[in-house]
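Chemist: Following this message is one structure expressed as structure tokens.
The values are calculated or read from the model by the stated rules, or taken from the named source; none is laboratory data. These numbers were taken from a predicted model, which means no experiment stands behind them. Counting neighbours? That spans all protein chains shown, and the Cβs are built from the backbone with ideal geometry, glycine included. The area values use the complete protein model at the heavy-atom level, side chains included, leaving out ligands, DNA and RNA. Shrake-Rupley method; radii C 1.70, N 1.55, O 1.52, S 1.80 Å.
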Amino acid sequence: MSASTVFAGIWTSLPIPLTGWILDVIQSMGHTQMTPVQASTIPLFMKNRDVVVEAVTGSGKTLAFVIPILEKLVRREARLKHDEIGAIVISPTRELASQIHSIFSLFLSSQPVDENSAPFPSALLLVSSEQSSPADDIQRFTSTGADIVIGTPGRMEEFLLGKGREVADLKGLEILVLDEADRLLDLGFQASLSRIITHLPKQRRTGLFSATMTDADALSELVRVGLRNPARIIVKVQSKKVKGGLDCGDGHNTEIIEERRTPANLQNYYIDCRTSEKVIQLTRIISHEVSRNKSSHFIIYFATCACVDYFYKILPMLTKCKAVFHSLHGNLSPSARTKTLAAFSSAVPSQSYPSVLLATDVVARGLDLPTVDVVIQFDPPTDTKTFSHRCGRTARAGKAGRAWVLLSGREVDFVDFLGVRKIPLKKQPYFTGESYVSDGNNIPEDPDVSVFLTQIRRVVMTDRSLHDQSVKAFVSFVRAYSKHEASYIFRIKDLDLIGVAKSFGLLRLPKMPELKQVNRESWQDAEVAWDTFSYLEQAQEAKRLAAVVQAKANKAEHKNDLAQKENAPRKKHNASWSRQTDKKAEKERRRDKKKMKKRWLASQPAAAGVPEDQVIGKRRRDVTDGAFEDGDSIDDWQELLREEKMSKRVRKGLVSQKEFDEEFGELQ
Ligand SMILES: Nc1ncnc2c1ncn2[C@@H]1O[C@H](COP(=O)(O)OP(=O)(O)OP(=O)(O)O)[C@@H](O)[C@H]1O
């Protein structure tokens, strides 16, 4: 660590002296003194206390649990048996778990050879990878044994509660460490963590470590994680701030001491710009950092995996310097992630070839990349804790570092929001270009917005898959934006979506509900021959062409269907017209019958008080006698009889009027 770091004494000043070879390894790392978090945590954790530790990023928390774990295992009266596990460390990401594993390996590989006892076995790493399945984890454990097991929650659960149950003995477990504990106790990991913890013996020490372990987190989780009477260790950072204008009468400004939750050597800046100007500012920050501060190692954070993928393709065309770009996010395969991280961290960047890692929050926590000079948050994170962790990838171990965040419009309120949480930010003026003219009051949109838009579009138009990626990135960004924790600052309705579309260099606006009400005055689609706009990749292009043919066929079919449908209603209309005429004819026929019936009834004895059924009987007789001379068919008269009967049933309530009407139409 640099001279500006406050150290907390030499290693030999610890109340319980460290084992010789462990001390040697620490010295070989170049760490001559303890950091404050190490000086306060190591003695307590070694003395069987549970601990809840909060100290800023890059302050050396890893050794604060690695050393006590090793010391506990070394000091055991009896060595752990082959199938026994003595310590478990859980971390939220595979990268962080691997990093912790490599530190344990450094120690364990340096143990002295003892003729009387076997060396401590290597620590076992449980993370997802193409090379190692959960079955391999079991196989590695049974063949070599492991006193220390490190892993991500999912894989750890699979091991401890799955097949590992049959081969691993947890009775001797002495320590459980949750690194980035607040993240592990978040909703996403909660269920898995609870199952693991319930499975572990209660007689153990537990340590929770994080840079953002707030009191609320710690207290609410103590019971759940099974901590007993823990020691709460908070390492505070204080920095001097010159309060301008507070003149004490001697012409000097007053210096005040302020507490902060970010490393003392981290300078945190924000730039207020339009959404459409974000990419311009990003490229200018990189140029500024390279030329002014000789920075060569950058991490740039984006909101989503799709944004990382897209800007990984676009940014190299826009940055002035010849940077080497890397991309890392959770949708990449484990081996791609490992390769990228190795390439980025081992790169020997120079001012002329800076190394730039584009990433999502999968790289926000815990990763120790000591050479990172600058962190740029292209998109602000969804919560303040992540803000600290992202910034904390630079200014580690006492080194200087700078972090930048781009904020637009109402988002600037986020600065005060962070200030309250002891994360101070300084405003940095907008980086202007050569053609930028401002009249001081009314600042126009940077003319380079249209220059960049044209440039990005030119690139996008070289390959249709870039267009697909741009849309995917845009949509994913809008969706992510609406999930911000500080939703009253990051409001989707305040977001300048056209500005976002411009900075993404979209060729046209996608169809999405968020864009429905948007004023499109300042937007113009790119001129694209969509039918011939092709994919560079042959298989993908062949698929597109096949889809075009299919779409044409579908269209023709659809046209046909439409034509048929257009005819269909006419037919229906005709049909109904003809039905109407039929109905009319039927009506007339029935009216005639009715008249006939009336005439006939008038001539019957019913009029003289003869009961109805007898009348009908008489009628029937008359029918059969051929008493009617007007030539109506017998069928008609039979129907009249049926009708007569049914009307009687209606009157008795045995048949409904509706049924009657259905049967005899408007005869009534
Ligand atoms: N006593 C020490 N003296 C000098 N450097 C140290 C010391 N202890 C650790 N370091 C270095 O400090 C850097 C940061 O350490 P570490 O990764 O443990 O930080 P951390 O507090 O866990 O950070 P984060 O919160 O980001 O996970 C590492 O490069 C490590 O080698």
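Chemist: Might you check whether a residue that is aromatic (Phe, Trp, Tyr), farther than 25 Å from THR384 by Cβ and in contact (Cβ under 8 Å) with a residue 24 or more places away in the chain occurs anywhere in region 533-553?
Modeler: yes
Chemist: Let me ask you something else. Mind checking which residues of region 62-86 are open to solvent by 20 Å² or more (accessible area, probe 1.4 Å) and under 19 Å from ASP368 (Cβ atoms)?
Modeler: THR62 - this is the single residue of region 62-86 that is open to solvent by 20 Å² or more (accessible area, probe 1.4 Å) and under 19 Å from ASP368 (Cβ atoms).
Chemist: Would you pick out the residues in region 87-105 that are open to solvent by 20 Å² or more (accessible area, probe 1.4 Å) and outside any loop (DSSP other than H, G, I, E, B)?
Modeler: ARG94, SER98, GLN99, HIS101, SER102, ILE103, SER105, listed by residue number.
Chemist: Take the residues in region 394-424 that are of a type outside the set (Phe, Trp, Tyr) and within 21 Å of the chain's Cα centre (by Cα), then tell me which one is farthest from the ligand (Cβ to nearest atom).
Modeler: Applying the first criterion (of a type outside the set (Phe, Trp, Tyr)) to region 394-424 yields 394-403, 405-413, 415-416, 418-424.
This time we only want the ones that are within 21 Å of the chain's Cα centre (by Cα), so: 405-407, 411.
On the way: VAL405: 18, LEU406: 23, LEU407: 24, GLU411: 25 Å.
Within region 394-424, the match that is farthest from the ligand (Cβ to nearest atom) is GLU411.
Chemist: Quick one: how many residues across region 106-136 are open to solvent by less than 40 Å² (accessible area, probe 1.4 Å) and within 29 Å of GLU77 (Cβ to Cβ)?
Modeler: Of the residues in region 106-136, 9 are open to solvent by less than 40 Å² (accessible area, probe 1.4 Å) and within 29 Å of GLU77 (Cβ to Cβ).
Chemist: Could you list all residues from region 88-141 that are more than 16 Å from the ligand (Cβ to nearest atom), touching a residue at least 60 places away in the same chain (Cβ under 8 Å) and among the charged types (D, E, K, R)? Even if it seems obvious, please write down each step before you answer.
Modeler: Residues of region 88-141 that are more than 16 Å from the ligand (Cβ to nearest atom), as a first pass: 88, 108-109, 111-141.
With the extra rule that they be touching a residue at least 60 places away in the same chain (Cβ under 8 Å), the set shrinks to 88, 111-112, 127-131.
Matches in region 88-141: GLU130 only.
Chemist: I would also like to ask the following. Applying the selection to region 300-329, what residues are open to solvent by less than 10 Å² (accessible area, probe 1.4 Å) and of a type in the set (Val, Ile, Thr)? Don't jump to the end; show me each part of the working.
Modeler: From region 300-329, those open to solvent by less than 10 Å² (accessible area, probe 1.4 Å) are 300-302, 307-308, 310-311, 314-315, 328-329; that's our starting set.
Scanning region 300-329 gives ILE300, VAL308, ILE314.
Okay, residues lined up against (1) more than 30 Å from ALA55 (Cα to Cα); (2) of a type in the set (Ser, Thr, Tyr):
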residue: TYR270; (1), (2): no, yes
residue: CYS273; (1), (2): yes, no
residue: ALA303; (1), (2): no, no
residue: ASP309; (1), (2): yes, no
residue: CYS321; (1), (2): yes, no
residue: THR340; (1), (2): no, yes
residue: PHE344; (1), (2): no, no
residue: ALA359; (1), (2): no, no
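Chemist: Enumerate the pairs (first residue in region 22-41 and within 15 Å of VAL66 (Cβ to Cβ); second residue anywhere and in a strand (DSSP E or B) and more than 7 Å from the ligand (Cβ to nearest atom)) with beta-carbon separation below 6 Å, excluding pairs fewer than 6 apart on the same chain, so at least 6 apart or on different chains.
Modeler: Correct list of pairs: VAL37/VAL235; THR41/VAL51; THR41/VAL53; THR41/ILE233.
Chemist: In addition: Got a sec? Which helices (runs of 4 or more DSSP H) wholly within region 438-529 have at least 1 residues that are over 30 Å from ASP416 (Cα atoms) and at pLDDT 95 or above?
Modeler: 448-460, 464-481
Chemist: Here is a list: ARG155, ARG140. Which entry is among the charged types (D, E, K, R) and open to solvent by less than 30 Å² (accessible area, probe 1.4 Å)?
Modeler: Only one candidate qualifies: ARG155.
Chemist: Ok, one more. What number of residues within region 153-208 are under 18 Å from LEU80 (Cα atoms) and either in a helix (DSSP H, G or I) or among the aliphatic types (A, V, I, L, M) (or both)?
Modeler: Within region 153-208, residues that are under 18 Å from LEU80 (Cα atoms) and either in a helix (DSSP H, G or I) or among the aliphatic types (A, V, I, L, M) (or both) number 11.
Chemist: Limited to region 308-360, what total is found for residues that are outside any loop (DSSP other than H, G, I, E, B) and either of a type in the set (A, V, I, L, M, F, W, C) or over 30 Å from LEU507 (Cα atoms) (or both)?
Modeler: 26
Chemist: Can you name the number of the only condition in (1) of a type in the set (A, V, I, L, M, F, W, C); (2) more than 16 Å from the ligand (Cβ to nearest atom); (3) more than 26 Å from the chain's Cα centre (by Cα) that ALA473 fails?
Modeler: Only one criterion in (1) of a type in the set (A, V, I, L, M, F, W, C); (2) more than 16 Å from the ligand (Cβ to nearest atom); (3) more than 26 Å from the chain's Cα centre (by Cα) is unmet by ALA473, namely (3).
Chemist: Can you tell me which residue within region 158-178, out of those that are open to solvent by 10 Å² or more (accessible area, probe 1.4 Å) and either hydrophobic (A, V, I, L, M, F, W, C) or within 13 Å of PRO92 (Cβ to Cβ) (or both), is nearest to the chain's Cα centre (by Cα)?
Modeler: LEU161
Chemist: Here is a further query. Do you know which residues across region 253-299 are open to solvent by less than 30 Å² (accessible area, probe 1.4 Å) and in a loop (DSSP other than H, G, I, E, B)?
Modeler: Answer for region 253-299, where residues must be open to solvent by less than 30 Å² (accessible area, probe 1.4 Å) and in a loop (DSSP other than H, G, I, E, B): THR262, PRO263, CYS273, SER295, SER296.
Chemist: On to the next question. Among the residues of region 490-497, are any aromatic (Phe, Trp, Tyr), more than 21 Å from PHE311 (Cα to Cα) and open to solvent by 60 Å² or more (accessible area, probe 1.4 Å)?
Modeler: Scanning region 490-497, I find no residue that is aromatic (Phe, Trp, Tyr), more than 21 Å from PHE311 (Cα to Cα) and open to solvent by 60 Å² or more (accessible area, probe 1.4 Å), so the answer is no.
Chemist: Those residues that are more than 23 Å from the chain's Cα centre (by Cα), open to solvent by 20 Å² or more (accessible area, probe 1.4 Å) and more than 16 Å from the ligand (Cβ to nearest atom), I need them from region 345-387; list them, please.
Modeler: ALA347, VAL348, PRO349, SER350, GLN351, SER352, TYR353
Chemist: I'd like to check something: does region 216-232 contain any residue that is over 20 Å from GLY154 (Cβ atoms), at pLDDT 90 or above, part of a strand (DSSP E or B) and over 31 Å from the mean Cα position of the chain (by Cα)?
Modeler: There is no residue in region 216-232 that is over 20 Å from GLY154 (Cβ atoms), at pLDDT 90 or above, part of a strand (DSSP E or B) and over 31 Å from the mean Cα position of the chain (by Cα).
Chemist: Next question, about the same structure. Would you mind finding the one in LYS594, LYS555 that is more than 31 Å from the chain's Cα centre (by Cα), charged (D, E, K, R) and at pLDDT 80 or above?
Modeler: Selected residue: LYS555, the only one of LYS594, LYS555 that is more than 31 Å from the chain's Cα centre (by Cα), charged (D, E, K, R) and at pLDDT 80 or above.
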